[in-house]
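Below is one structure, written out as structure tokens; the observations come after it.
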Amino acid sequence: MAANAEPDKALATAVVPAPTPTPAPSIEDQTLIVFARLMEGGQEDNETCRDLDELTKLLNDDFEARQKDTARESICKLIDGDCVDTVLCYLDMRQPEIVRGHATLSTSAYLKAAGDEGSTMLSTFFFDRVRRGTYDDYIVAFCVAASTFPIVPDLTAGMFLNEGFLSTLGPLMRRKWKSRKVETACLEMLNAACMNSQCREAINKYCIEWLEEVVDQDLNEIVRSTNADPNLQNDGGSVTMRRHSEQVQYLAAVILAKLRAVPTKTPPGDASQSSRIEAAVTTIEELSDMFTKMIMRDEDHGRQHSIEGLAYASLQPKVKESVANNSELLLKLVKTLGDAQPRSPTTYGALSIFVNLTRYLPNLTDEEKKMSQLKAYANAAGKLSGPDPLDSDEIVAKRCQMVFDAGITPILVTHSKNGSPASLALTISIIFALSVTKTLRGQLAQQGAVRLLLASWMTLPQTEAPARRLAAQALARILISTNPTLVFGGNRNTPVSAAVRPLVSIIPPDPAAETRDLLPSFEALMALTNLASMEDDDMRRTIITTAWSHLEEQLLSSNALVSKAAVELVCNLVQAPEAIALYAEETAKARNRLHILLALADAEDAGTRSAAGGALASLTTFEPVVRGVLHRDRGIKVVLGMCVDSDENIRHRGVFVVLNLVSAEGDTGKLAREKIKDEDGVDVLKECLKKSRRPEVLEVTVQALKALLEQK
């Protein structure tokens, strides 16, 4: 035992050397390892997605690194045709949807990192597969084209428009025995290609006839032809093998709807194309009915394509009316939107339908109307035409009411919490259109539209300026017609001051617009006036701090309504010390502000005179402002002119200003009384007594007369 113990003791005290650390694999090795796993196959879907994500990151990192160091060698040199083939094959429609999504990101990253070499690889892959001509190769090629259209539209359009390609699709789709996956992949490609105007023209030229055949297929006719074929009567084959599937039918209908909704121009002298268009039997209204029937079914199959098709069909006024007047369909669309996943094609399609139903025609200047008529005249080959009567404001307002009654607002509020910038922009457009109807504004506020608009305005990036302006303008409209206390009172998470910045943002003109639209400025000023009417000095202080420079510009607007709205806002703001200080300072700016206010008190518009008089009535309780009025040429004449105005409200404000002037202390009051007497103020006040009937006006006038005649 003792002899054996010694070696054990030696082993126990021996020092074991630390293992040599394994160096981290290089980026090149990481790339090759990822491709090896992807090529091997046989993995679970989550493992495939993980490898595709790793590849995407490697390619994106490689691109960014080469942007900083142009001499750096790209990992794309390791990616040969087999590697590209592996990634692109994961775009196959027969792959799980989640895998296709991750493969799309990897493809996008590769095409960005590889540049021209990547474009060549993609084109080579596509045309090689098409040349092979097997069903499997067609499916993969068409799926890749459909997936890459949004990523590299110009490159994919070039492949799509390659001479001889489109002309082969007709015979393929008309084969006696159908491969539904080939048909579906082909139509998915055509559907994606419709985003390009040249591709749409080519589809209209080469594919319109067989698209019509697919949509108009008659099952009874197929059964009769099958029974009449002696070669097929005893083969046990399924009749459905000789007809297009319902999914294929609806996808073809979507493409036809896109072609009908965005018509292509027929080249001069192209008689064959004209005859094809004339022979088309499926109208946009018929396609709309087809989509409606599918949407009304309690089936998910085909619904996404039907929603997309109806989104395009509803660009047409007749279809808008048909959809809006189908209350059952509206409720189904609202429910479909409510059940759809955020950022999904179904969500985007359903939102697009509601945008089309509620969109008002833009307000055009007289010059723009003339240009629009001339363009319509030219496009209609000499037939003068105007806007469709079904798009008139009165009809659109009715459609908006129907959409609102279907319960769209709460669904929009829910979707906006997880929406993409694109879906948020559509949501805002719908709320904006609904807010045109004054009677809906209070209900919109009750159902959460104000919170939706505020959150969207703050969430959307600056690059989404049009959507942000629409959100601010819709917010303005709602706040013009509702009590701010009721809108914000029960919601501690959204203070009323949160509305100020969006409203102020639309007071200046839109820098991107070719012609200035004054309506947003007017509505923003009106909404701010409503907010400033609250007994909240903090609110007024926020508005003064944020909006004053813009407000002073609008006081001088050439548009009487905008100027009036601006001075009404000033009238409410001068209740706050910060606004009073702007007029009571002994500065040239303060004197100029007072001069503008006096000029507005003598304006042609009665509302403007009234608001300016109200502001002066508040400001002249302060001696520096009284001195400013006295030292301004025609200042006393303007004030006395208000006292004999035909509007009793204005007379009330005028005599209030006179009372403030003559009641001033010391030399200022003495000078005021002298100047008013010199301008026949006593007679003016007596005339005011004769004209007025309201007790409060008579009372103030008597007080002003007494103060004027007393010797102080």
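A few remarks follow.
- Test result for Val702, within 11 Å of Leu659 (Cα to Cα) and modelled with pLDDT of 90 or more: yes
- Residue ID - surrounded by the most Cβ atoms within 10 Å (Cβ to Cβ), chosen from residues in the range 298-354 that are polar (S, T, N, Q) and assigned to a loop (DSSP other than H, G, I, E, B): Ser314
- Verdict on Arg591 being part of a helix (DSSP H, G or I) and in contact with a helix residue (DSSP H, G or I) (Cβ under 7 Å, 6 or more places away or on another chain): yes
- Conditions (1) within 30 Å of Asn530 (Cα to Cα); (2) surrounded by fewer than 24 Cβ atoms within 10 Å (Cβ to Cβ); (3) in contact with a Gly (Cβ under 9 Å, 6 or more places away or on another chain): number failed by Phe622: (3)
- Residue in the range 589-602 that is modelled with pLDDT of 90 or more and over 49 Å from the mean Cα position of the chain (by Cα) present: no
- Filter result for Pro495 (exposed (fewer than 15 other Cβ atoms within 10 Å of the Cβ), closer than 26 Å to Lys417 by Cβ and in contact with a helix residue (DSSP H, G or I) (Cβ under 8 Å, 6 or more places away or on another chain)): yes
- In the range 513-558, the residues that are assigned to a loop (DSSP other than H, G, I, E, B) and either of a type in the set (Asp, Glu) or within 27 Å of the chain's Cα centre (by Cα) (or both): Ala513, Glu514, Thr515, Arg516, Asp517, Leu518, Glu535, Asp536
- Helices (runs of 4 or more DSSP H) contained in the range 25-137 and holding at least 1 residues free of Cβ contacts under 8 Å to residues at least 40 places away in the same chain: 27-40, 45-68, 97-114, 116-132
- Condition check for Val684: surrounded by 13 or more Cβ atoms within 10 Å (Cβ to Cβ), touching a Ser or Thr at 6+ places or on another chain (Cβ under 6 Å) and within 18 Å of Asp602 (Cα to Cα): no
- Residue match in the range 430-443 (condition: part of a loop (DSSP other than H, G, I, E, B), touching a residue at least 60 places away in the same chain (Cβ under 8 Å) and either buried (at least 16 other Cβ atoms within 10 Å of the Cβ) or not charged (D, E, K, R) (or both)): yes
- Evaluation of Lys205 against the conditions (1) of a type in the set (D, E, K, R); (2) loosely packed, with under 15 Cβ neighbours inside 10 Å; (3) closer than 15 Å to Leu259 by Cβ shows that the sole unmet condition is (2).
- The residue that is surrounded by the fewest Cβ atoms within 10 Å (Cβ to Cβ), counting only those in the range 141-198 that are over 18 Å from Leu251 (Cα atoms) and of a type in the set (Val, Ile, Thr), is Thr168.
- Any chance Ser646 is at pLDDT below 90 and either surrounded by 14 or more Cβ atoms within 10 Å (Cβ to Cβ) or of a type outside the set (Asp, Glu) (or both): no
- Taking the range 317-364 as the range and being in contact with a Lys or Arg (Cβ under 8 Å, 6 or more places away or on another chain) and free of Cβ contacts under 8 Å to residues at least 60 places away in the same chain as the test, the residues that pass are Thr336, Thr346, Asn356, Leu357.
The values are calculated or read from the model by the stated rules, or taken from the named source; none is laboratory data. The shown structure was predicted, so the numbers you read here are calculated from the model rather than taken from an experiment. For neighbour counting, all protein chains shown are included, and Cβ atoms are generated from backbone atoms with ideal geometry for every residue, glycine included.
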